[in-house]
1. Does segment 171-194 contain any residue that is open to solvent by 10 Å² or more (accessible area, probe 1.4 Å), within 13 Å of the ligand (Cβ to nearest atom) and touching a helix residue (DSSP H, G or I) at 6+ places or on another chain (Cβ under 9 Å)?
2. Which one of GLU79, GLU91, GLU46 is over 20 Å from CYS119 (Cα atoms) and not aromatic (Phe, Trp, Tyr)?
3. I'm trying to understand the selection: among the residues of segment 331-342, which are open to solvent by less than 50 Å² (accessible area, probe 1.4 Å) and either among the β-branched types (Val, Ile, Thr) or in contact with a strand residue (DSSP E or B) (Cβ under 8 Å, 6 or more places away or on another chain) (or both)?
4. Any residue at all in segment 159-166 that's touching a residue at least 24 places away in the same chain (Cβ under 8 Å), within 18 Å of GLU193 (Cα to Cα), crowded, with 17+ Cβ neighbours inside 10 Å and within 16 Å of the ligand (Cβ to nearest atom)?
5. Given the conditions (1) farther than 23 Å from HIS172 by Cα; (2) surrounded by 17 or more Cβ atoms within 10 Å (Cβ to Cβ), and given that VAL328 satisfies all but one, which numbered condition is not satisfied?
6. Looking for whichever is within 16 Å of the ligand (Cβ to nearest atom), open to solvent by 30 Å² or more (accessible area, probe 1.4 Å) and either in a strand (DSSP E or B) or in contact (Cβ under 8 Å) with a residue 24 or more places away in the chain (or both) here; the options are TYR39, TYR76, TYR61. Which one fits?
7. If you check GLY275, GLY300, which single one turns out to be within 30 Å of VAL78 (Cβ to Cβ), part of a loop (DSSP other than H, G, I, E, B), away from the ligand (no atom under 16 Å from the Cβ) and among the small types (Gly, Ala, Ser)?
8. Among the residues in segment 137-150, are any touching a helix residue (DSSP H, G or I) at 6+ places or on another chain (Cβ under 6 Å), of a type in the set (S, T, N, Q) and within 15 Å of the ligand (Cβ to nearest atom)?
Amino acid sequence: MRIGVLTGGGDCPGLNAVIRGAVRKGTKDYGHEFIGFRYGWKGPIEGITQPLNWDIVENLYDQGGTILRSSRTNPYKVEGGVDAIRKNMAELGVDALIAIGGEDTLGVAKKLTDDGINCVGVPKTIDNDLGETDYTFGFDTAVNIATEAIDRLWTTADSHERCIVVEIMGRHAGWMTLHAGMAGGANAVLIPEVEFDVKQVIEQVQSRFDQGKASIVAVSEGAVSKGGDMQLKDGETDAFGHVKLGGVGDWVADQITKGTGRETRAVVLGHTQRGGPPTAFDRVLATRLGIQAAAAATEGDFGKMMALQGTDIVRVPLEAATAELKTVPVERYEELGVFFGS
Ligand code: F6P
């Protein structure tokens, strides 16, 4: 069997460990050959490939990014895109694809499976917003990076008795902000799922100033104030219709400065959260998902996504996994309330 592998969407620590797990399992246990498709779905559409074998993947367990590169190409938005994938796979003798990606990449994998192209999916995203899996790899790394950043911001915030607003990635799901905010002892956590009242945030920060204390406010890039809109970088959208977010941290800091009269700074963590080596947790999860993806492709179990449920790697329909985003339940958010402003 010849299996093509691709990585789509925003990169994420652990992608290379998935590739390594799949290639090692598929080569050693099943005698398969592998081929890498570069730049997400652009690779199979345009026939852009790279070799992928036992030796090439040897040291990939701890490497951030993706050796296959990535893009946000959508074959269903490219004229003749799906037929081109079919043709290129046939010419290259590729029987199946392992697509490693988030809701967009896996949504395409689901449609391609319906269109007769054999796909197996592996969930990746630092946002942790895919359904049917307890965690996605990359999330743990991103939360650790954000938590370390908050730890560092605390000592400087304390020294100046100042409020620092930290803007954390997460378009529609606040998982990273929730976890990093809790782990880093933030005094206010603002997530996309729950509209925030900026007046309340100002009061919380002021009450800490009154006690001679600094504050950290953790805000998701997609958080929205009551009666407000998402803060956009510009009006452009990508091939999956996503807008670029950014600016809510500055806005909140500005409001706190105006409301308290104390100069407040905003720090945007941005892509530092996606870069660098994966944590041990993400390396293990990614490796196990890769191994299971090779097994699923071998068994012809297409249209499935590998998922973590409890401590087991299971296979779930791509359709169920991509049906709706997994957002933070309000009860999880309310747990944090006890720390706000205190
Ligand atoms: O989906 C993952 C993610 O990192 C989001 O948290 C973020 O909004 C988005 O990708 C940014 O991606 P890019 O800068 O690559 O367009």
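The values are calculated or read from the model by the stated rules, or taken from the named source; none is laboratory data. Since this is a predicted model, take the numbers as computed values, not measurements. Every residue, glycine as well, gets a Cβ built from its backbone with ideal geometry; the counts of neighbours run over all protein chains shown. Surface areas here come from the heavy atoms of the whole protein model, side chains and all, with no ligands, DNA or RNA. Shrake-Rupley method; radii C 1.70, N 1.55, O 1.52, S 1.80 Å.
1. Within segment 171-194, one or more residues are open to solvent by 10 Å² or more (accessible area, probe 1.4 Å), within 13 Å of the ligand (Cβ to nearest atom) and touching a helix residue (DSSP H, G or I) at 6+ places or on another chain (Cβ under 9 Å).
2. Exactly one of GLU79, GLU91, GLU46 is over 20 Å from CYS119 (Cα atoms) and not aromatic (Phe, Trp, Tyr), namely GLU79.
3. Within segment 331-342, TYR333, LEU336, PHE340, GLY341 qualify.
4. yes
5. Unmet for VAL328, out of (1) farther than 23 Å from HIS172 by Cα; (2) surrounded by 17 or more Cβ atoms within 10 Å (Cβ to Cβ): (1).
6. TYR39
7. GLY300
8. Looking through segment 137-150, at least one residue is touching a helix residue (DSSP H, G or I) at 6+ places or on another chain (Cβ under 6 Å), of a type in the set (S, T, N, Q) and within 15 Å of the ligand (Cβ to nearest atom).
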